[in-house]
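Have a look at the structure below before the remarks.
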Amino acid sequence: MIFRPRPEKLELVLLRYLNTRMVFSSSEALNFSNLEKGYKGELKSDVWLRGLTEEWLILNELLLEYNGSKFQIDTMIIAYELIYLLDIKYFEGDYAITDNKWYNPAGVLLKNPLHQLERCETLLKKLLHEIGYDLRIESYLIFNNSEFHLNTTSINPSIIFPTQLNRFLKKLNTRPVKLTKKYFQLAEQLNARHIVESPYKRLPPYTYEQLKKGISCPHDQTFFTDETLICTKCGCVEAAESAVLRSVKEFTLLFPDRMITVNAIHDWCGGLKSKKAIRRVLSKYFVLISKARASHYINS
Ligand SMILES: [Zn+2]
């Protein structure tokens, strides 16, 4: 069973908003694209793991710490006397290992993913020991993009290729041992230890003034050109209410310190909808805080 579902990645949500409204530098664009790909791979892996029997505890996306060192776990599966650690890689194209060094399709040297996995395993083992669990850990690099290939002369059992995914799952399903309370308690403890990090400091720098104002199509990020909210690219039509609500969500996530006012949202939407229409939506979904000259809305 899924004990800890994969949370929506706030960093990615914010980057998508920003990407629509500003121009990223090449390194910012690369980072954004890598995050998108990584997340796609994780979601694909979550679908794959639905093939597991119920006798397992799955915890997704944990950021833990041992002795001042933080480590990130994509997926952890708690089984009887054993923990599986899965690091999901959605790499695409021909990668290579030469002299124990990893290269991407462009020939650029990568951080060795096996070393990162070992580090994660070591820290987890120490953390588990500290909280009273001495369980065996098996770690795997899961490559789940069917367009991935690795040129290597050595065989490493920790690497699971796209063509091995089904068999790997079958192997796991051959050990269906019912988990006792102790394992649920462990899952609870690890979940409680998850560290929440603010994504804001990792975002490209941005200011309100610099960002493009307007309302963009929810499907392809094309900006609507007039108040009919018909997308010139995909032809979809969005209701005013949903468009304004989406805009408010974007505004508050990108600028958590700014107040939600009719004027602020009108400006953020590029004047596309009238102040009257915006006031109607805000009054319906938010609570008006009236202070002489500074009326604003808060989440109800
Ligand atoms: Zn569209």
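The values are calculated or read from the model by the stated rules, or taken from the named source; none is laboratory data. Please read all numbers here as calculations on a predicted model, not as lab measurements. Cβ atoms come from the backbone with ideal geometry, glycine included; neighbour counts cover every protein chain shown.
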task: Within the stretch 58-107, count every residue that is surrounded by 14 or more Cβ atoms within 10 Å (Cβ to Cβ), in contact with a helix residue (DSSP H, G or I) (Cβ under 8 Å, 6 or more places away or on another chain) and not aromatic (Phe, Trp, Tyr).
output: 20
- line: Counting only residues that are within 12 Å of the ligand (Cβ to nearest atom) and either in contact with a strand residue (DSSP E or B) (Cβ under 7 Å, 6 or more places away or on another chain) or of a type in the set (Gly, Ala, Ser) (or both), the stretch 226-242 contains a total of 4
- prompt: Quick one: which helices (runs of 4 or more DSSP H) sit completely within the stretch 174-273 and have at least 3 residues that are out of contact with any Cys (no Cβ under 6 Å at 6 or more places or on another chain) and closer than 18 Å to Thr20 by Cα?
  reply: 240-254, 262-268
- line: Within the stretch 209-225, residues within 14 Å of the ligand (Cβ to nearest atom) and over 18 Å from Arg279 (Cα atoms) come out as Ser216, Cys217, Pro218, His219, Asp220, Gln221, Thr222, Phe223, Phe224, Thr225
query: List the pairs whose first member sits in the stretch 230-255 and is in the same structural domain as Arg21 (by TED's automatic domain parsing), whose second member is within 16 Å of the ligand (Cβ to nearest atom) and not in a strand (DSSP E or B), and whose Cβ atoms are under 7 Å apart, counting only residues at least 6 apart or on separate chains?
result: none
- request: Quick one: count up the residues across the stretch 3-61 that are hydrophobic (A, V, I, L, M, F, W, C), part of a helix (DSSP H, G or I) and in contact (Cβ under 8 Å) with a residue 24 or more places away in the chain.
  value: 10
Top-ranked residue of the stretch 138-157 - restricted to ones that are part of a loop (DSSP other than H, G, I, E, B) and within 24 Å of the chain's Cα centre (by Cα), ranked as surrounded by the fewest Cβ atoms within 10 Å (Cβ to Cβ): Glu147
field: Lone unmet requirement of (1) aromatic (Phe, Trp, Tyr); (2) surrounded by 14 or more Cβ atoms within 10 Å (Cβ to Cβ); (3) in contact (Cβ under 8 Å) with a residue 60 or more places away in the chain; (4) not assigned by TED's automatic domain parsing to the domain that holds Ser33 for Tyr200
entry: (2)
query: Which one is surrounded by the fewest Cβ atoms within 10 Å (Cβ to Cβ) among residues in the stretch 161-195 that are farther than 29 Å from Glu130 by Cβ and aliphatic (A, V, I, L, M)?
result: Leu169
query: Could we say that Leu110 is under 22 Å from the mean Cα position of the chain (by Cα) and either farther than 26 Å from Leu52 by Cβ or not assigned by TED's automatic domain parsing to the domain that holds Tyr66 (or both) here?
result: yes
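Residue-wise test of (1) among the β-branched types (Val, Ile, Thr); (2) within 27 Å of Gln189 (Cα to Cα).
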site	(1), (2)
Glu54	no, yes
Glu61	no, yes
Ser69	no, yes
Gln72	no, yes
Ile77	yes, yes
Ile88	yes, yes
Phe91	no, no
Pro105	no, no
query: Between a first residue in the stretch 266-295 that is at pLDDT 95 or above and acidic (Asp, Glu) and a second residue that is in a loop (DSSP other than H, G, I, E, B) and surrounded by 14 or more Cβ atoms within 10 Å (Cβ to Cβ), which pairs have beta carbons less than 9 Å apart while being 6 or more apart in sequence or on different chains?
result: Asp267/Lys213
Residues that are over 30 Å from Lys125 (Cβ atoms) and either near the ligand (Cβ under 10 Å from one of its atoms) or hydroxyl-bearing (Ser, Thr, Tyr) (or both), drawn from the stretch 190-208: Tyr200, Tyr206, Thr207, Tyr208
